[in-house]
Each structure stands twice: as C-alpha cells, then as structure tokens.
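What follows is one structure encoded as structure tokens, with my remarks underneath.
We did not get these values from a lab; they are worked out from the coordinates using the rules stated. All values derive from a computational prediction rather than experimental measurement. Cβ placement follows ideal geometry from the backbone for every residue including glycine, while neighbour counts extend to all protein chains displayed.
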Amino acid sequence: PTLEKDILPLYFGWFLAKRDEDNLRKTAHEFLEQLGNLKAFKKRLQAFGREDKHKLDLLKYFAKTPNILHCTTKFCDYGKMPGSEEYAQLEAVRKGYSKAFTLHISALFITPRTAGAQVELTQEQLHVWPSDAEREAMPKDVLPRGSRAHITLGCAADVQDVQTGIDLLEFVKLQQAGREGENMGELLGSKISYYDNGMWMLALPRKKEIKTIFSGYYG
Ligand code: ACK
C-alpha cells in the first residue's frame, strides 16, 4: 500500500466566521476613517511620510487587506519552516483542528507599516500557540506567551503581513517597560493612545468576541 504523508499548510490559524469577519472589517474601516480625521493624528503625520496638518486617508494607506481574516498560530510554509512538523503533531493542534474557538480582541492598532487587532488568548488557546512565536520575532526580549497574537487588518504598500505581529510586539514591549502611551482622547467610545513613531492603539474597554474555526490554510 502507498503511504500518504500529511501535507503541512502554509499556516495554521483561527479563521473568522463570515459574520464576525464582516463585522470586524466594518469596525476596522470606522477606526481608520475616524483616526484619520482626529486632530491629534493630523498633527503627527511625519512617521507616515506626510507633512503635518495634511490629510492622510488611512483606508488608502492600508489598501493591502487580507483575503481571509485570521489569527495565525504557526506559519509553516508547507513544512519549510523549522518546527512545522512538530507543531502539527501536537496533541492540542490535532484535537483542536476544525473546532470552533471564541477569540477576544482587546485592542486595535496602527503603525506606519500595519493595521491590526490585538488578540488576547485564553489558557486553552495558548495550548495551540507555538512556544517560540514571540522569541522568533524578538530574539532579544522575553515577552509573555501569546503576546504576538493578532489579526492583520491591512498593510502599507511594500509591507508584508508578517510585520503586523512584530509591530504588536513593539507595543507590548513598551507597555512592559511601563509606557502607557499618551492619552489622545476618545475614538468610537474607547481610549486612543499615542506611542511615538506613528504607533496608535485603541484599547477596547469591552473585549470583542469573535467566532473562529481552527484550521490550516493550503492555498
Ligand atoms: O497577518 P499574518 O499573521 O502574517 O498572516 C499571514 C500568514 O502567515 C500568511 O502569510 C503570516 N506569516 C508570514 N510569514 C510569517 C513568519 N515568518 N512568521 C510568522 N507568521 C508569518 C502572515
């Protein structure tokens, strides 16, 4: 008999259910539109390569949006990435595969490179989170497990989507060092903070629940 080998996906992750995906895209749209119109934002455009007080259309700036909204757990590149096989064999990954998970979004953020949603993982969800995800992105830092978890909402021209998680870790690093960001008032009923270098974060007072399916992307 021929032995068939498991095919590893481009990546494993949580894929948003259609309704919640539409909903999050709408929220992201409003966030970018309103942030772009915020006076405090218009005064701080240099990191975005614009002169202050000019209008920056953030929807156009982050025109590269993902086809499927998802939260990547492990990028495997069809098995070319180290640790892919081991990850796929984890009991939690095998058991969780094709199962429903409810994720929690705790913040929305932008940098001059990416726009994303911060995902706060539960203990159960951390079981399918690779142990080296944070170290792989920031080898010199010790960051809490799961702190890279995010949903990419958009990228600037010439920026790869892998950058969103790295940008999120940059926020986490600052927060770990006790930097809160400068309070810039309210946006969509939440507190908007500025962290220098064109980094903005909207902390959601009530976490946004989203329904997902844990699976692999093979496209
Ligand atoms: O937005 P993301 O999390 O960033 O979702 C996409 C997905 O895999 C398909 O490209 C993420 N990705 C790409 N390269 C890497 C990498 N080297 N490490 C971790 N995630 C990656 C990308």
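Beta carbons closer than 7 Å, at least 6 apart along the sequence or on distinct chains, pair a first residue in the stretch 123-136 that is touching a residue at least 24 places away in the same chain (Cβ under 8 Å) and closer than 13 Å to T72 by Cα with a second that is within 15 Å of the ligand (Cβ to nearest atom) and outside any loop (DSSP other than H, G, I, E, B) for V128/T73; V128/F214; W129/T73; P130/T73; P130/K74; P130/Y87; E134/L169.
Tallying residues that are over 21 Å from D57 (Cα atoms) and buried (at least 18 other Cβ atoms within 10 Å of the Cβ) within the stretch 16-33 yields 3. Among strands (runs of 3 or more DSSP E) entirely within the stretch 103-209, having at least 1 residues that are of a type outside the set (A, V, I, L, M, F, W, C), under 16 Å from the mean Cα position of the chain (by Cα) and more than 19 Å from A40 (Cα to Cα) singles out 114-120, 150-155. Against the numbered list (1) of a type outside the set (V, I, T); (2) more than 28 Å from G79 (Cβ to Cβ); (3) within 13 Å of the ligand (Cβ to nearest atom), L169 comes up short only at (2).
Can you name the residue in the stretch 69-103 that is buried (at least 17 other Cβ atoms within 10 Å of the Cβ) and farther than 19 Å from L10 by Cα and, of all such residues, is nearest to the ligand (Cβ to nearest atom)? The selected residue is L103. For the stretch 137-166, residues that are within 14 Å of the ligand (Cβ to nearest atom) and either in contact with a strand residue (DSSP E or B) (Cβ under 9 Å, 6 or more places away or on another chain) or under 21 Å from L16 (Cβ atoms) (or both) total 19.
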